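Starting off with a structure, shown below.
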Amino acid sequence: MPTRTIPTPPSQPNQSGIGIAKQGRLLAGGQAPETELKYPTARFEVLENFVGAQAGEFELRMSSDHFLDGIPQQVPPFIEGEIWLVEAYRDLRDHQWTTSFGQRNKPFAQAQEDLQVLRTWVSGQTLPARFYGEIFNPAEKRYFPGVRVDLRGEKQIFSSITDSLGHFAFENLPPGIYEAAAVLPQGVAPIKVDLVRTWCSHRVFIVH
């Protein structure tokens, strides 16, 4: 039963992937001689394949930005028998699939929105786009409620008002390149929003 993976462009040093997998047995952490780091690994059964991962089982190495005594900390909390949406990259130096806490790894029950996007992408369809964010002043640590945000596309202009927490959102947008502007007396630099390459974008207007 296959996994779905999405490769990064060829210019990237590693091949990246996303897929659904069922966690099997944990394996002993292997030691990398060249770095003296001990990476825990887990074996997965592939359930659904996007691009890249093959049917059957594969071994996944868990890494992190933080190591203690050569062991990566805050690795994904995989538990035997659980089903996860897994994002990983294939290290071209040793061809080992690798993931970390900061990548898009989610239990299957929490990954339904991601799965909808991936399955739509595989079928060649286009999802309605979404743009959301907030208006924030870092010096005062303050958000801005009740502010209009305009989103200008090639043929249309959309508007939204920030809520009580200073958040705004635009739903069901046609794919395209947009310019977002927050209407404030002190003025805020507009933001370019690319909803062609990605169906969803989050940005923050910074007020000084």
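I'm told Q116 meets every condition in (1) at pLDDT 85 or above; (2) loosely packed, with under 15 Cβ neighbours inside 10 Å except one. Can you identify the failing condition by its number?
Condition (1) is where Q116 drops out.
Let me ask another. Has region 134-152 got any residue that is closer than 30 Å to F50 by Cα, in a strand (DSSP E or B) and not basic (K, R)?
no
Are any residues in region 182-200 in contact (Cβ under 8 Å) with a residue 12 or more places away in the chain and either in contact with a Leu (Cβ under 8 Å, 6 or more places away or on another chain) or on the phi > 0 side of the Ramachandran plot (or both), and if so, which ones?
V193, L195, W199
For (1) within 21 Å of I83 (Cα to Cα); (2) in contact (Cβ under 8 Å) with a residue 60 or more places away in the chain, each residue gets a yes or a no:
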site	(1), (2)
R104	yes, yes
E113	yes, no
Y143	no, no
A169	no, no
I177	no, no
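For region 181-206, give me the residue count where each residue is of a type in the set (F, W, Y) and farther than 26 Å from R142 by Cβ.
Restricting attention to region 181-206, the residues satisfying the condition of being of a type in the set (F, W, Y) are 199, 205.
Pick out the ones that are also farther than 26 Å from R142 by Cβ and you get 199.
Within region 181-206, residues that are of a type in the set (F, W, Y) and farther than 26 Å from R142 by Cβ number 1.
Then there's this: Is it fair to say V122 is surrounded by 13 or more Cβ atoms within 10 Å (Cβ to Cβ), in contact with a strand residue (DSSP E or B) (Cβ under 9 Å, 6 or more places away or on another chain) and part of a helix (DSSP H, G or I)?
Answer is no for this residue.
Taking the stated definitions as given, is L85 outside any loop (DSSP other than H, G, I, E, B), assigned by TED's automatic domain parsing to the domain that holds F44, touching a residue at least 40 places away in the same chain (Cβ under 8 Å) and in contact with a Leu (Cβ under 7 Å, 6 or more places away or on another chain)?
yes
Which of the following residues is surrounded by 15 or more Cβ atoms within 10 Å (Cβ to Cβ) and modelled with pLDDT of 75 or more: R43, R4, R93? Break it down stepwise before answering.
Numbers: R4 fails: modelled with pLDDT of 75 or more; R93 fails: surrounded by 15 or more Cβ atoms within 10 Å (Cβ to Cβ).
Answer to the selection: R43.
The values are calculated or read from the model by the stated rules, or taken from the named source; none is laboratory data. Just so you know, these numbers come straight off a predicted model, no measurement behind them. Note: ideal-geometry Cβ built from the backbone for every residue, glycine included; neighbour counts use all protein chains shown.
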